[in-house]
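The structure appears right after this line, and notes come after that.
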Amino acid sequence: MEIRDSVTFVPYWKNIRRRTRRVIDCIPDDRFDWTHADGAWTFADLVRHIGAAERWMFGENALRRPSRYPGCGSSLADGPEAVRAFIDRMHVESIEIFESLSREDLDAKCETPGGIQITVWKWLRAMVEHEVHHRGQIYLMLGVVGVQTPPLYGLTEEEVEERSLAL
């Protein structure tokens with residue numbers, strides 16, 4: 001998928017985040033600091049990482065500036081309400097950046113934190129993959145702690161099978 005302009009990309013990106021935010025809302029407040037293994041990220045770390053990476057890595061790089069990614073520690077936001085507010089604030093700031101990008105900006109090269117030159121629109125496409133990857137982690141971690149989650153696109157796997165033609 002080529003991202004041709006911000007007018008079509010921004011609503012698409014908002015929908016991606018809406019689905020991520022829906023699963024973040026399933027994280028019980030008393031589980032925000034839970035992790036499945038010593039040294040692994042907590043739910044809160046993952047949520048902070050998604051927000052910080054969107055704004056301070058992908059957003060800055062899309063403007064052809066160096067990454068300013070601050071990590072995902074509790075100094076960014078601590079506690080469920082603050083963490084949710086943080087990701088929402090990072091998203092609003094990022095949307096402002098993405099809406100400002102012209103076709104020429106999208107076709108320009110930016111430099112990733114790894115020192116790779118990449119076309120801005122391809123970097124934004126990588127941002128979508130990054131978000132989906134971490135959303136999947138949150139879904140898995142919620143399953144481990146026994147939290148029911150909404151189906152991603154409105155139907156469960158069983159409902160899709162039930163509504164499909166038999167082979």
**Request:** Report the chymotrypsin sites (Phe, Trp or Tyr not before Pro) located in region 1-67 that are in a DSSP loop and have at most 16 other Cβ atoms inside 10 Å of their Cβ, or state none.
**Result:** 34
**Asked** Rounded to the nearest 0.05, what FRET efficiency is calculated for residue 159 and residue 26 with R0 set to 25 Å and r the Cβ-Cβ distance?
**Response** 0.85
**Asked** Summing -39500 (n - 2.57) over the DSSP H runs of n ≥ 4 in the chain and dividing by its residue number, what mean residue ellipticity at 222 nm do you reach, to the nearest 500 deg cm²/dmol?
**Response** -17000 deg cm²/dmol
**Message:** Run the simple label-point estimate for residue 137 and residue 65 please: 7 Å along Cα→C-beta, distance reported in nm.
**Reply:** 2.5
**Item:** Only Lys, Arg (+1) and Asp, Glu (-1) charged, at Cβ; the chain dipole about Cα centre in debye
**Value:** 460
**Estimated inter-spin distance, residue 125 and residue 112, nm [label 7 Å along Cα→Cβ]** = 1.3
**Request:** Assuming R0 = 25 Å, can you tell me the calculated FRET efficiency for the pair residue 85 and residue 7, based on Cβ-Cβ distance, to the nearest 0.05?
**Result:** 0.35
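With the contact rule set at Cα under 8 Å and sequence spacing of 6 or more, what percent relative contact order holds for region 6-163?
Numbers: 170 pairs, mean separation 44.9, N = 158.
Worked out over region 6-163, it gives 28 percent.
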**Request:** Could you tell me the largest-minus-smallest coordinate of the C-alpha atoms of the chain on each of the three principal axes, in descending order and whole angstroms?
**Result:** 48, 45, 25
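Every read-out reported here was derived from the displayed coordinates using simple, explicitly stated rules and does not represent laboratory data. Not measured: the values here are computed from a predicted model. Counting neighbours? That spans all protein chains shown, and the Cβs are built from the backbone with ideal geometry, glycine included.
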